[in-house]
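The values are calculated or read from the model by the stated rules, or taken from the named source; none is laboratory data. Here the structure is a predicted model, which means the values were calculated and not measured. Cβ placement follows ideal geometry from the backbone for every residue including glycine, while neighbour counts extend to all protein chains displayed. Side chains are part of the model used for accessible areas, which takes the heavy atoms of the whole protein and leaves out ligands, DNA and RNA. Shrake-Rupley method; radii C 1.70, N 1.55, O 1.52, S 1.80 Å.
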Amino acid sequence: MKLSQYFLPILRDDPKEAEIVSHRLMLRAGMIRQESAGIYSWLPMGYKVLRNIERIVREVLAELDSRHFRGRTADAVTENDGGRLVVSCRVVTLSEVEGRLNSVRRLVVPPRAVVTPAVRDELQHRKIALEYAAEEETKCSGPLRLVMASTGQQIDPAALTAELAAEDVTVDRRPFDCPISAVDYLAGKVAQQHTLGLLLTGQTAAAACLANRHRHVRAVDDAEKVDAVGANLLILDPAAGVFLLKRIVVDFCRGGVRRCPERFRERLS
């Protein structure tokens with residue numbers, strides 16, 4: 001639709017009844033229209049902006065909820081030797097250690113775990129030492145390269161590239177018409193050293209099955225399973241939204257090229 005045909009009743013001057021800056025700008029931009037005192041209607045442009053804001057908020061809340069859930073899924077386990085309490089959750093709150101600190105002299109948490117001030121105060125009161133577990137060597141060293149392929153619906157590659165620039169990740173992107181050719185292309189790339197693959201497609205399950213038929217490819221269509229198999233190819237649906245995809249891909253690249261777990265190495269490598 002041409003802009004001249006779009007319903008966008010903009011105003012040249014500031015409305016006299018509008019005092020707040022945001023109020024004036026929304027009226028002048030043709031986003032809202034006053035029906036009566038204190039009552040406004042959304043115009044097409046304003047309603048579109050409102051829906052975009054709602055979508056972004058939902059994506060952020062969904063990501064926060066998933067991180068909170070991931071932090072609480074792993075329960076704490078007490079080891080009998082040396083009076084240690086080993087907690088595997090990433091966010092350590094009082095609820096995670098409640099009733100478990102008796103006869104404990106050391107609390108061991110994962111690397112880079114967040115320990116709330118309330119927990120630190122409780123540990124200090126009980127004279128319990130706080131220790132961070134040693135980080136396992138699961139990543140391969142070297143400069144990282146991300147090869148991105150997409151089919152059908154796509155996200156803005158420039159925005160994603162900008163997010164990854166701070167991580168020193170070189171991004172190569174190539175569009176494809178079907179997931180089969182995209183998978184074949186990525187399978188050849190991830191076999192190279194220091195290379196991760198990313199496939200954006202609406203057919204995630206089929207693409208994962210196709211990818212895992214290739215030698216040296218460990219593909220997953222769920223970001224939660226990347227570390228479980230040392231995945232080097234991540235398959236995502238662009239319908240998840242630009243914001244959430246950026247966060248997932250940045251976390252995927254931060255982990256670097258992961259080694260295949262020892263117990264699966266004979267079959268998966």
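A few comments on the model shown:
- If you run the Gaussian network model on the chain, springs between alpha carbon atoms under 10 Å, then out of K189, K246, K225 the most flexible one is K225.
- Probe 1.4 Å, protein heavy atoms only - accessible area per residue of the chain in square angstrom: 62
- Highest mobility in the GNM of the chain, judged by mean-square fluctuation with C-alpha springs under 10 Å and restricted to A29, A208, A231, is found for A29.
- For the chain, the mean residue ellipticity at 222 nm estimated from helices alone is -11000 deg cm²/dmol, where every DSSP H run of n ≥ 4 contributes -39500 (n - 2.57) and the total is divided by all residues, rounded to the nearest 500.
- Mean projected area of the Cα convex hull of the chain, taken over all directions, amounts to 21.7 nm².
- The chain: most fluctuating residue of L244, L186, L43 per GNM, C-alpha cutoff 10 Å: L43
- Of the whole protein surface, R126 contributes about 100 Å² of accessible area at a 1.4 Å probe radius.
- Given their separation in residues at 0.36 nm each and the Cα-Cα distance between them, Q193 and R84 gain 35.3 nm when the chain is fully extended.
- Each other residue within a Cβ distance under 11 Å of E131 adds +1 if Lys or Arg and -1 if Asp or Glu, for a net charge of +3.
- Around M26: net Lys/Arg minus Asp/Glu count, Cβ-Cβ under 12 Å: +2
- Sulfur and carbon atoms: percent of accessible area, the chain [1.4 Å]: 52
- Per-residue SASA remark: I39, around 90 Å² accessible (1.4 Å probe; ligands, DNA and RNA not included).
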